[in-house]
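> If you scroll down you'll find the structure; I have some questions about it.
The values are calculated or read from the model by the stated rules, or taken from the named source; none is laboratory data. Values in this document were obtained by computation on a predicted structure and should not be read as measured data. Here the Cβ positions follow ideal geometry from the backbone for every residue, glycine too, while neighbour counts run over all protein chains shown. Quick note on the areas: whole protein, heavy atoms, side chains included, nothing else; ligands and nucleic acids left out. Shrake-Rupley method; radii C 1.70, N 1.55, O 1.52, S 1.80 Å.
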Amino acid sequence: MIDLRVGHIVEVAKHPDADTLYVEKIDAGEDELRTVVSGLVRFVPIEQMMNRDVVLVCNLKPAKMRNVMSYAMVLCATSPDGATVEFVEPPKGSKPGDRVYFEGFADGAPEAQLKPKMKVFETIQPGLFTNDAREAGWFDANKKFHKLLVAGSVCTTATVTNGSLK
């Protein structure tokens, strides 16, 4: 199971070796901040990155991106034309570390780290979208939309409708 959690960006800087990457320090409700590398420079100004609540994918295998280890992925929505990329935002009142889950799938514990060979995230990611109401969620094999929730309240985007999540 994918480990989705609320995170809060507390620090952000441009990557020292890559013009298109940010390096963030994110509070995910753990003892230490997580370092996360995101390719959002072209889409989100640095001042809009600071002090934001985001949804994190926390159990992907850590990846080195231009000599900086990244320990999670920030979940974002991309408009159908690819021109707009924006954060999937947890509902107001969410706290770092709060569990994020799909409607109907609140039970179950996520794996500590997804096994790369099992391709769990890669299997589910093509079904991750926003709907007409900017609500984030997942279309299952039967085309049923399961909203992305925190404590029963839905995660949304600012403007992206019918966009893919990654």
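> List the aspartates and glutamates whose alpha-carbon lies under 15 Å from that of Lys115, not counting same-chain residues fewer than 8 positions away?
Asp3
> A further question follows. Rg (Å, one decimal) plus Dmax (Å, integer) for the alpha carbons of the range 84-166?
12.9, 36
> Now, a different point. At q = 0.18 Å⁻¹, what is the log10 ratio I(q)/I(0) for the chain, with the Debye formula run over Cα points and no solvent?
Here log10 of I(q) over I(0) equals -1.19.
> Here is a further query. Only helical DSSP H runs with n ≥ 4 go in: add -39500 (n - 2.57) per run for the chain, normalise by residue count and round the 222 nm mean residue ellipticity to 500 deg cm²/dmol.
Helix contribution divided over all residues of the chain: -1000 deg cm²/dmol.
> Taking R0 as 22 Å, what's the FRET efficiency between Asp17 and Met50 from their Cβ-Cβ distance, rounded to 0.05?
That gives a FRET efficiency of 0.55.
> Okay, next question. In Å², what does the accessible area per residue of the range 1-51 work out to with a 1.4 Å probe?
51
> If you don't mind, there's one more thing I want to ask. Let's test the formula: R0 of 41 Å, r as the Cβ-Cβ distance of Glu122 and Lys92. What FRET efficiency results, to the nearest 0.05?
Computed FRET efficiency for Glu122 and Lys92 comes out at 0.85.
> Highest GNM mean-square fluctuation, the chain, Cα pairs closer than 10 Å: which of Ala109, Ala28, Ala133?
Taking springs between Cα atoms under 10 Å, the residue moving most is Ala109.
> OK, next. So, taking all protein chains as they sit and a 1.4 Å probe, how much accessible area belongs to Thr84, in Å² rounded to tens?
For Thr84, the solvent-accessible surface is approximately 50 Å².
> While we're here: When only Cα pairs under 8 Å and 6 or more residues apart are kept, what is the percent relative contact order across the range 21-139?
Here the relative contact order equals 22 percent.
> Which order do Asp3, Asp81 take when ranked by solvent-accessible area (1.4 Å probe, heavy atoms of all protein chains), largest first?
If we order Asp3, Asp81 from most to least accessible, we get Asp81, Asp3.
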